[in-house]
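These notes are about the structure you will find just below.
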Amino acid sequence: MQAIAIAMVIVSGVGIFIMSLSTLDSLYETRESYYRDNHFAHIFAHLKRAPLSLVKRIEAIPGVDKVETRVMAYVNLDVEGFEDPISGHILSLPDNSRGLLNQIYLREGRLPEPGRDNEIVLSEEFVQAHKLRPGDKISATINGRRKALTIVGIALSPEFIYQIAPGAMFPDPLRYGVLWIARQPLATAYDMEGAFNDVTLTMSRGTNEPAANEQEIIDRLDDILKDYGGIGTIGRQDQFSNRFLTEELKQQRTIATIFPVIFFGVAAFLLNVVISRLIRLQREEIATLKAFGYSDFAVGMHFIKLVLLIVGFGVIIGIGVGIWMGKGMSNIYMELYSLPYMIYVLKPKVIIAAALISMAVAVMGTLYAVYSAARLPPAQAMQPELPAKYHTTLVERLGMQRWLSQPTRMILRHIERRPLKSLMTTLGIAMACGIMMVSGFQEGAINYMVDVQYGMSQREDMIAIYTEPASKRSLYSLESLQGVELAEGFRIVPARLKFEHRFYRTALHGIEPDGSLYRLLDTNLNIIELPEDGIILTDYLAELLRIKAGDMLTIEVLAGRRITLQVPVAGTAKQYLGLNGYMRLESLNVLLKEGHSLTGALLKVDDRYQRDIYAKLKEMPRVAGVVEHESAIESFYDTIAETILFFTFISTLLGSSIAFGVIYNSMRIALSERNRELASLRVLGFERNEVAYILLGELALFTLVAIPLGFLIGYGLCAYMAFQFDSDLYRVPLVLGINVYAFSALVVLLSSIVSAIMIWRNLADLDMVAVLKSKE
Amino acid sequence: MLELAKNPDNPMNKEVVFHVHGVTKIYQMGEVQVRALRGIDLDLYKGEFTVLLGASGSGKSTLLNILGGLDSPTDGHVQYAGGDLTRASEKELTKYRRYHVGFVFQFYNLIPSLTALENIAVVTEIAKSPMQPEEALKLVDLGDRLHHFPAQLSGGEQQRVAIARAIAKNPDVLLCDEPTGALDSKTGIVVLEALQRVNRELGTTTAVITHNAGIAQMADRVIHLADGRISQVDSNETRLEPSQLSW
């Protein structure tokens, strides 16, 4: 039973090690191969309109390999039976081709026939979310004109592994889709014949390795596109989908390092405890062997072999479990992201590392005990051990003694006699508690982010995004819709923010200073008043640029007249998602010298009229899209629910196996060490419960100390993870709800109780007659 | 009470504490059956100091374990103060040991994490009308070692603590299993003196098992066991003082 408990801990350690690393390797491998096979571009640029003749100039930039131009647009989609607004990203495909770069991966069906304006290839996630099939029809509002489109193919693209609608914060396959159509009809619809508004390219040095002159190419391309309404060129590392995936892999790497370390630590401790005990019990056998002339080395090897046998068993099962969990995780990632396939990679070096680390940790942990056993002179080993030395404990010396019963004193003195072992046991249980908290933390953090972002900061029910900047009068037509309670205009301008030599490309938001729908918050969630002039930056952005209030920020506007501004930083705002700059709408318009124009409006609506309002907005030619958070958040939760469930399941399994492994092992050992005194007490007339108190009281004490300690460890682990996860895409708040603490404590308590029940049953087998006749 | 104890041979004064009738005990050791007791009939009297004498394997420990409620016979009956021990439940046996029996073991079986005083308190805390632990230790001449842990005591001292622990609850019977088995003769005598004093001063019915014939002379009665049967019962006219014993 004890060997099984140890093996269980090793199984968990090896399992999670292999799961984490193989998932990580698989994701990297899959991404690499997907990018390579489908010619994922290195550099991306979007612009207003440029003639195809410009391609020659782009191709002439040194280091550029292949160039592909496209026509792309954001459109509104309609799926029969689904009333919410759907936004779509439509891209042109060259005739009879999956594209030169960013080739689509055709899962089902075929490519659109050249020139056909009613055939599309649709993204798989969207198709699955709406349960569509090739041959089904959807309709799209392309440049103001509604058009019926037939799905002829279902595809995925390396450009859209992580699919998020512009302006949205979460993936929502029900309300956002990517579609591909033949180039000629799309160009015709958007007046792009002989022209393009999107260009991607690869660099000549290698296909996947970014060349050293990437920044140079980006600058040259920016320069070329400046006159054609370019809004900034980005490299692959800033490409949205790739960025998200990279962040996810970074998180995986953090998890892959923390958890196995904890598990191996616990396994080493348990092995050490068990083997020391085993050796103490086998003193006489060791002495006999040595008296017969076996060498220290031979005796030592005997124990090393025993340890390796248990560990080897654990490793083999652990590899199996790790592969199973790794494949499960990889498949979850494949579904979570739009990956066409998953190449499950289990590198031999991962297996070898898992095996070697387990063996090394186990052997090192037991080496000392084995060493002292092998060194024991035979005559000494044949003697019984002297009665253990005890002392009155500190608690008792402080004057508490008179309140403590004898069994309670036994508990305290036993703990104090082995402080290191007691500490390690407590620490082991605490670790289990800490691990449990990590799983709860992720869910809680997301909830908090959503609460702050959409409950307190952004309080609109929907956002209408305009096709073109429009005057403030546009708000009147929105406000006049039945059910619209409030409309607040905003303006978003792409911009490059610079301070000293650091810069960041983002969006500049102009919002109503005393608006009630979009509010900036400080760290304590108090509302920040927008200053008359000056800019408020997301706190993380200010840190990134190392700029503080009072410093002058350089803003290069990437739209319109592309002016450069100098604006003082007025302060920072707490935001968990994205990095932005905020100004008063009026001040921004004044600076841009473009009159009072808006790029969209925030709407607060009466729930009862929501559907009607959607329908009306769809019909407005000036409204390019409608973003609605509530349903997006709901569907986001649906998407991640499975992932969270899987994580919770795994960590509960791991947490409780650590807790059980530590508790049951230490109690089982305590029982065998104290078998004699417990049986003596039974002879003296103690009932089983009274004897159990001495063992289980110790366990209860360990558990009670371990839980708060575990809370601390868990808090530390979560803080470390939150810190590691921070990026410009999102910052993970360190929020641990009472339910996270409660659940972790509950799992630990249950593990304790199960161990206690098993120990209590073992106590029934105490042999009272045998102890009376045996020496210590 | 003390009068009775002083005159155990007077049949009029004999009050039976244990009535053992037709007790057999068969152990199954692997495929071999060991017949430890083969039909024991025996009465033990109140206040009596009895020695159960026999070679190892004679069945004396088995008999003591059955008397102490640690083991049950395969056949036969053991009555204690009118009740049938052989029919008692596990809980009743625990109660019996808790309130009526004091045990002294060959290897002392003290709790190493408790001091001499606490080793006694652990029993008196759960007893019905115990003496003060200090008092019990004084009875065995250890009044000055109250706060020593077992590891700080000699073998003889540890055994005397064990005796003090056994008598502190004022048990009705004191059962001692080779109490001097692990001690040298000089220390053994000190321990036996403590047992004799308890028997005389408190009138506790005492049964001592030993393979050491020398000890037999301090008893009221000596019951010889061999091969699981009572082979002989002797009554001593005069009990020798432990210091007069030779072994």
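For the reader, a short list of remarks on this structure follows.
- Candidates A:SER20, A:SER26: the one that is open to solvent by less than 10 Å² (accessible area, probe 1.4 Å), modelled with pLDDT under 95 and over 24 Å from A:LEU156 (Cβ atoms) is A:SER20.
- Check on A:ASP539, charged (D, E, K, R) and touching a helix residue (DSSP H, G or I) at 6+ places or on another chain (Cβ under 6 Å): no
- Residue match in segment A:519-527 (condition: under 26 Å from A:VAL735 (Cα atoms) and buried (at least 17 other Cβ atoms within 10 Å of the Cβ)): yes
- When segment B:16-62 is filtered for residues that are farther than 24 Å from A:MET768 by Cβ and β-branched (Val, Ile, Thr), only B:VAL16 remains.
Results for (1) in contact with a helix residue (DSSP H, G or I) (Cβ under 7 Å, 6 or more places away or on another chain); (2) over 20 Å from B:LEU67 (Cα atoms); (3) surrounded by fewer than 17 Cβ atoms within 10 Å (Cβ to Cβ), shown as yes or no for each residue.
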{"site": "B:PRO133", "(1), (2), (3)": "yes, yes, no"}
{"site": "B:ALA136", "(1), (2), (3)": "yes, yes, no"}
{"site": "B:GLN152", "(1), (2), (3)": "no, yes, yes"}
{"site": "B:ILE167", "(1), (2), (3)": "yes, no, no"}
{"site": "B:VAL173", "(1), (2), (3)": "yes, no, no"}
{"site": "B:CYS176", "(1), (2), (3)": "yes, no, no"}
{"site": "B:LYS186", "(1), (2), (3)": "no, yes, yes"}
{"site": "B:GLU193", "(1), (2), (3)": "yes, yes, no"}
{"site": "B:THR206", "(1), (2), (3)": "yes, no, no"}
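- Flag if A:SER727 is in contact (Cβ under 8 Å) with a residue 40 or more places away in the chain and either in contact with a strand residue (DSSP E or B) (Cβ under 8 Å, 6 or more places away or on another chain) or in a loop (DSSP other than H, G, I, E, B) (or both): yes
- Every test in (1) within 14 Å of another protein chain (Cβ to nearest Cβ); (2) on the phi < 0 side of the Ramachandran plot is passed by B:ASN170 save one, and that test is (2).
- Within segment B:65-95, the set of residues being facing another protein chain (nearest Cβ under 8 Å), open to solvent by 10 Å² or more (accessible area, probe 1.4 Å) and hydroxyl-bearing (Ser, Thr, Tyr) is empty.
- In segment B:113-125, of all residues being within 7 Å of another protein chain (Cβ to nearest Cβ) and not in a helix (DSSP H, G or I), the one that is surrounded by the most Cβ atoms within 10 Å (Cβ to Cβ) corresponds to B:SER113.
- Failed item, numbered, when A:SER744 is tested on (1) open to solvent by less than 30 Å² (accessible area, probe 1.4 Å); (2) under 30 Å from B:PRO179 (Cβ atoms); (3) polar (S, T, N, Q): (2)
- Any hit, segment A:399-406, residues being within 11 Å of chain B (Cβ to nearest Cβ), open to solvent by 80 Å² or more (accessible area, probe 1.4 Å), under 28 Å from A:PHE711 (Cβ atoms) and at pLDDT 80 or above: no
- A:ASP238 vs. criteria among the acidic types (Asp, Glu), at pLDDT 75 or above and closer than 30 Å to A:GLU216 by Cα: yes
- Segment B:134-147, subset closer than 20 Å to B:PRO179 by Cβ and not hydrophobic (A, V, I, L, M, F, W, C), residue nearest to the other protein chains (Cβ to nearest Cβ): B:ARG145
- The single condition from (1) surrounded by fewer than 16 Cβ atoms within 10 Å (Cβ to Cβ); (2) out of contact with any Asp or Glu (no Cβ under 6 Å at 6 or more places or on another chain) that A:THR564 fails is (2).
- Test: residue in segment A:652-673 that is in a helix (DSSP H, G or I), open to solvent by 40 Å² or more (accessible area, probe 1.4 Å) and within 14 Å of another protein chain (Cβ to nearest Cβ): yes
- Yes/no for A:ALA542 being without any contact (Cβ under 8 Å) to a residue 40 or more places away in the chain, touching a strand residue (DSSP E or B) at 6+ places or on another chain (Cβ under 6 Å), buried (at least 16 other Cβ atoms within 10 Å of the Cβ) and over 30 Å from A:ASP607 (Cα atoms): yes
- Residue in segment A:624-636 that is in contact with a helix residue (DSSP H, G or I) (Cβ under 6 Å, 6 or more places away or on another chain), under 30 Å from A:SER12 (Cα atoms) and touching a residue at least 12 places away in the same chain (Cβ under 8 Å) present: no
The values are calculated or read from the model by the stated rules, or taken from the named source; none is laboratory data. Only a predicted model underlies this, so the values are computations on that prediction, with no experimental measurement involved. Note: ideal-geometry Cβ built from the backbone for every residue, glycine included; neighbour counts use all protein chains shown. Areas reflect the complete protein model, heavy atoms only, side chains present, ligands, DNA and RNA absent. Shrake-Rupley method; radii C 1.70, N 1.55, O 1.52, S 1.80 Å.
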